[in-house]
There are 2 protein chains.
Amino acid sequence: MTHQALSPTPRSTIRRGKNRAVTDRSALYAVLDAGIVCHLAFVADGAPVVIPTGFGRAGDTLYVHGSTGAASLRAAAAGAEVCVNVTLLDGVVYSRAVFHHSVNYRSATVHGAARQLTDRDEKLAALAVITNHLAPGSWDYAREPSKQELAKTAVLALDLTEAAVKIRNGSPGEEPEDLVPERNGRTWAGVLPLRHAWGEPVPCPELPSGVDVPAHVTARPAPFG
Amino acid sequence: MTHQALSPTPRSTIRRGKNRAVTDRSALYAVLDAGIVCHLAFVADGAPVVIPTGFGRAGDTLYVHGSTGAASLRAAAAGAEVCVNVTLLDGVVYSRAVFHHSVNYRSATVHGAARQLTDRDEKLAALAVITNHLAPGSWDYAREPSKQELAKTAVLALDLTEAAVKIRNGSPGEEPEDLVPERNGRTWAGVLPLRHAWGEPVPCPELPSGVDVPAHVTARPAPFG
């Protein structure tokens, strides 16, 4: 962990908890790739809006998608500034002091102006990235989008130029005086880890009998890893 | 599931996926209470910003907290509009079509102007709510905030007046033609549920031997339930 942000523009420079800022791009990629949905923020009629939405990453581009009918996507697509955050929660930190209670987490934030994809091939390639991020292997397995479905789907591209990563892990932070055994020796402190796993696949009720769950579903790596 | 939002102002009226909108306030409370962190969006220098942060709920008030030194909290605290979203991810929906791939989720969004708490007692009460949301039982167990710690902590209050809940669960949506067995009878579709659990508590390395993990940690209910 270092004290510098990935791209030290004023708003992506991490001021609070600088010891939790991480600079290398591989850490940024790792956090983004481990997320399943992102939170997309934009300004609509002067007020902030944040929505959860699907996304994917290819190189230094983040793609988000949504309905072309959604006011949210229209606002973000018009070239306005957006902000995207992906946060993975790894545990709850129980400190000896209320003030130092915290969470262990990995969090990536991206700022920039979104660009709406209009070229059909570029849009299909981005949707492949988004689909395989949500459901690895599904792009080649499931039916490809029809012309109408493609028209209903808006895809935004966002450069990862202005991005920051924050990671907290490990044991609680404490004030030195809270560690004095005579004063606080009986107070438990530590981390309660949060575990995530895929459950058993639940087949669609319409599925004919005898259709096996494909390997890209059964062998999917554990979530948020 | 109904077709009306909790508070049908224009921006909290759910336009997309209306069949996923839920109206009753108990559903709103349930989603908020099941979350661990929220995503707080605000406008800073004309651009949207979204950050993950701790929160809690008491009645129809949502509390978020942060450092008084954080530019984010200062911007939000100045009475400007904010937007808060809490999303719980329940599974990945594998459809026969790429277009209908989705997630099962519970999501709550709140819009409004935040009010910064300045009264000491009100602030302490709100911090108790936030602390016990993150770590139920910790407010009475851990050391209370010192005067300095309290001064470093900003707490914002947000009314749940303008709020909306969206929930998706169950099997994939499909186009009728994708359900024709002759055409698509060998394509698996269904839901891969996402399971969450607490791991074994990891004691702080500074902890003297013989300090048991307290019941409020060991008996904590499963996350996101």
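Read-outs throughout are calculated quantities, based only on the coordinates presented, and are distinct from any laboratory measurement. Keep in mind that this is a model prediction, so the values were computed, not measured. All Cβ positions, glycine included, derive from the backbone under ideal geometry; neighbour counts span all protein chains shown.
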Completion exercise
Taking segment A:24-114, the whole-percent share of alpha-carbon pairs separated by over 20 angstrom is 43 percent
Problem - For chain B, with +1 on Lys and Arg beta carbons and -1 on Asp and Glu, the positive-most of B:146, B:86, B:190 along the dipole - result: B:190
Practice task
Could you work out, residue by residue across A:85-97, how many beta carbons of other chains sit within 10 Å of that residue's beta carbon, and then give the average as an integer?
Solution key: 6
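Could you order peptides A:167-174, B:170-177 by the average number of other Cβ atoms within 10 Å of their residues, highest first? Present the calculation step by step, with values, prior to reporting the outcome.
Working: A:167-174: 17.1, B:170-177: 15.0.
In descending order of packing, they fall as A:167-174, B:170-177.
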Handout entry: Sequence-distant residues sharing a close amide H with residue A:97 (under 5 Å, placed H)
Key = B:143
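Mind ordering A:45-52, B:80-87 by average Cβ neighbours within 10 Å, highest first?
Values: A:45-52: 20.2, B:80-87: 23.1.
With the highest mean Cβ count within 10 Å placed first, the list reads B:80-87, A:45-52.
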Exercise for the section: Under a cut-off of 19 Å between alpha-carbon atoms, report the aspartates and glutamates in cross-link reach of residue A:152, not counting same-chain residues fewer than 8 places apart. Expected result: A:119, A:121, A:122, A:144, B:174, B:175, B:177, B:178
Practice task
Using only the Cα atoms of the protein assembly as shown, each taken as one equal point scatterer with no solvent, compute I(q) by the Debye sum, divide by I(0), and report log10 of the ratio at q = 0.11, 0.12, 0.14 Å⁻¹.
Solution key: -0.88, -1.05, -1.41
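About its Cα centre, what dipole magnitude does the protein assembly as shown give when the only charges are +1 on Lys and Arg Cβ and -1 on Asp and Glu Cβ, stated in debye to the nearest 20? Mind showing how you got there, number by number?
Details: 44 positive and 44 negative charges, 89 e Å.
In debye, rounded to 20, the protein assembly as shown gives about 420.
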Exercise for the section: Specify, per residue and in Å³, the volume enclosed by the convex hull of the alpha carbon atoms belonging to segment B:99-225. Expected result: 197 Å³
Exercise for the section: Enter the angle in degrees (range 0 to 90, nearest 10) between the Cα long axis of helix A:120-134 and the first principal axis of the Cα atoms of chain A, meaning the one along which they spread out most. Expected result: 40 degrees
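So what is the relative contact order for chain B, in percent, with contacts set as C-alpha pairs under 8 Å and at least six apart?
Numbers: 426 pairs, mean separation 56.2, N = 225.
Computed over chain B, the figure is 25 percent.
Could you quote the convex hull projected area for chain B, Cα atoms only and averaged over all directions, in nm²? Display every interim value, and only then the final one.
On the way: hull surface 65.8 nm².
Reported value for the Cα convex hull: 16.5 nm².
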Handout entry: Cα long-axis angle, helix A:25-34 against chain A (0 to 90 degrees, to the nearest 10)
Key = 70 degrees
Practice task
Among A:170, A:75, A:36, flag the residue with its Cα farthest along the positive direction of the charge dipole of segment A:10-170, charges on Cβ as +1 for Lys/Arg and -1 for Asp/Glu.
Solution key: A:170
Practice task
Using amide H atoms built 1.01 Å from N in the peptide plane, name the residues 5+ places from residue B:58, or on other chains, whose amide H lies under 5 Å from its own.
Solution key: B:63
Handout entry: Distance from segment B:141-215 to segment A:72-132 (C-alpha centre basis), Å
Key = 17 Å
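Using only Cα atoms, figure out Rg for segment A:153-193 and give it as a multiple of 2.2 N^0.38 Å.
Working: Rg = 20.5 Å, N = 41, 2.2 N^0.38 = 9.0 Å.
Working it through for segment A:153-193, the quotient is 2.27.
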Completion exercise
Note: A:98-110 gets an average of partner chain Cβ contacts (10 Å, Cβ to Cβ) equal to 5
Exercise for the section: Compute the label-point distances linking residue A:24 to its equivalents in the other copies; points lie 7 Å from Cα along Cα→Cβ; give nm, one decimal, shortest first. Expected result: 5.2
